[in-house]
Amino acid sequence: MAEIVYILTNPVMPGVVKIGKTDRDEVQSRVKELFTTGVPVPFDCVCACVVENNEKVEKLLHGKFAAERINPRREFFWLNTANAVAALKPLELSDVTPEVRADADSAIPEEEKNARWNARQKTISEFPEYADGKDLHLTPPKNLSVDELGET
């Protein structure tokens, strides 16, 4: 069974990342579990890596970013996504991010993808520091045309 550490973001939580682990081969199952009635739009998987010991790697990352932890009982941090990814990448055995994104997106209904896309656009307009999209994994839903998206 694959040991994976993942980094998730959510467009309605700008500047916040979730750093977690799973023993499952399917990280998208974990992503889907996190999308509950208390979360307005699905999470985005920014990075997912197979590691040698996911418990140890997760603990190391949580310790590294302890000062930015929002709640000691939750895995959420006030953190730039690039910093979280940079800390994880040297510890990876393999990067499974593309597969996780594809699988997770295939499990999300188009209506939810549209809501997530709209939330990203709103976040960018309300928080200009995210306008470059580095902290928001920007991929428009397939059923929207470029004309419908307008200028960003």
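Structure values in brief
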item: Qualifying residue in region 13-28 (condition: surrounded by fewer than 16 Cβ atoms within 10 Å (Cβ to Cβ), more than 13 Å from Leu88 (Cβ to Cβ) and of a type in the set (Gly, Ala, Ser)); result: no
item: Cross-chain or 6+ apart pairs with Cβ under 6 Å, region 106-127 first and over 13 Å from Phe35 (Cβ atoms) and among the polar types (S, T, N, Q), then at pLDDT below 75 and assigned to a helix (DSSP H, G or I); result: Thr123/Tyr130
item: Among the residues listed as Glu52, Glu58, the single one being surrounded by fewer than 21 Cβ atoms within 10 Å (Cβ to Cβ), on the phi < 0 side of the Ramachandran plot and not β-branched (Val, Ile, Thr); result: Glu52
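The values are calculated or read from the model by the stated rules, or taken from the named source; none is laboratory data. Quick caveat: nothing in here was measured; it's all calculated off a predicted structure. FYI the Cβ positions are ideal-geometry reconstructions off the backbone, even for glycines, and counts take in every protein chain you see.
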